[in-house]
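Engineer: To start, I am sharing the structure in question, which I have written as C-alpha cells.
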Amino acid sequence: MSLILIDTNVFLELLLGRKRAEECERLLDLVSKGEIEAVVTHFSVHALEAILKDSEALILLLRNIQYSSGLYVYSTDLTEEEAIAIVSQKMGRDFDDSLQYYVAKKLGAECIVSFDKHFDGLDIPRVEPKHILERTRKR
C-alpha cells in the first residue's frame, strides 16, 4: 500500500468517541507503528487544535502525531493556498476539501481516507478506515 491522506474527520471520530471511533483508532494505530504510510495536512492539525477544548487531549493528540512512525504532516504555503482557492472555485468545492485533495494529488496519495462524501467522484478515491483495515488484513 502506498501513501494515504487522512482527513480531519477520521481523527475527530476517534477524539469525540463517535460510533466509528474503534475503526479509526485501529487505522491510526497501524499508522503510528509505521505499518501504513500516511499524511495529514497541517490545516487538519490546526482544525483539530481549534475544535478540542480539553488541553490534555490536545497535548496527547499532538504528541501522537509528532511521534507516529508512519504519519507525515504536510504544510501548505501561501502560494499553494492561492492555487487551492482557485481550484476550489473552479471545482465548486469548499476550501478545506480542496486543500485535502490538492495535497493528496501533489503527494501521489493512493486515496483519501474520510467519511466525507464530498470527496466522492474525484480522480483520487475516497475510502473509509474500514476499507484500509480490510486491505491490510488480506496481506
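Engineer: Run the simple label-point estimate for PHE95 and GLU80 please: 7 Å along Cα→C-beta, distance reported in nm.
Structural biologist: 1.6 nm
Engineer: Label point 7 Å out from ARG135 along Cα-to-Cβ: which residues of segment 37-65 have amide N under 15 Å?
Structural biologist: So the set is 37-39.
Engineer: Moving on. Mean residue ellipticity at 222 nm from the helices of the chain, using -39,500 (n - 2.57) per DSSP H segment of n ≥ 4 over the full residue count, to the nearest 500 deg cm²/dmol?
Structural biologist: Values: 7 runs with 79 residues, N = 139.
Taking each H run of at least 4 residues, the total per residue is -17500 deg cm²/dmol.
Engineer: Give me the compactness ratio for segment 4-138, meaning the Cα radius of gyration over 2.2 N^0.38 Å.
Structural biologist: Values: Rg = 14.4 Å, N = 135, 2.2 N^0.38 = 14.2 Å.
Working it through for segment 4-138, the quotient is 1.01.
Engineer: Run the quick spin-label model on LYS105 and LYS19: label points 7 Å from Cα toward the beta carbon, then report their separation in nm to one decimal.
Structural biologist: 3.3 nm
Engineer: Which of the pairs LYS19/LYS105; LYS33/LYS53; LYS53/LYS106; LYS19/LYS130; LYS33/LYS130; LYS19/LYS117 have their Cα atoms more than 24 Å apart in this structure?
Structural biologist: On the way: LYS19/LYS105 30 Å; LYS33/LYS53 27 Å; LYS53/LYS106 32 Å; LYS19/LYS130 13 Å; LYS33/LYS130 18 Å; LYS19/LYS117 17 Å.
Pairs exceeding 24 Å: LYS19/LYS105; LYS33/LYS53; LYS53/LYS106.
Engineer: Further question on the same structure: Grab the Cα-Cα distance for VAL87 and ASP54, subtract it from 0.36 nm times how many residues apart they are, and report the gain in nm with one decimal.
Structural biologist: Working: separation 33, 0.36 × 33 = 11.88 nm, distance 3.48 nm.
Length gained, VAL87 through ASP54: 8.4 nm.
Engineer: What order do you get for 131-137, 54-60 when each peptide is scored by the mean count of other beta carbon atoms within 10 Å, highest first? Each step should come with its number before you reach the end.
Structural biologist: On the way: 131-137: 14.1, 54-60: 11.3.
The packing order, highest mean first, is 131-137, 54-60.
Engineer: Are there chymotrypsin sites (Phe, Trp or Tyr not before Pro) in segment 42-139 that DSSP marks as loop and that have at most 14 other Cβ atoms within 10 Å, and which are they?
Structural biologist: Numbers: sites: PHE43, TYR67, TYR72, TYR74, PHE95, TYR101, TYR102, PHE115, PHE119; in loops: TYR67, PHE115.
Sites meeting the loop and neighbour criteria: TYR67.
Where a number appears in this text, it was derived from the coordinates with a stated rule and is not lab data. Note that this is a predicted model, so its numbers are computed, not measured. When we count neighbours, we look across all protein chains shown, and the Cβ atoms used for this are built from the backbone with ideal geometry, even at glycine.
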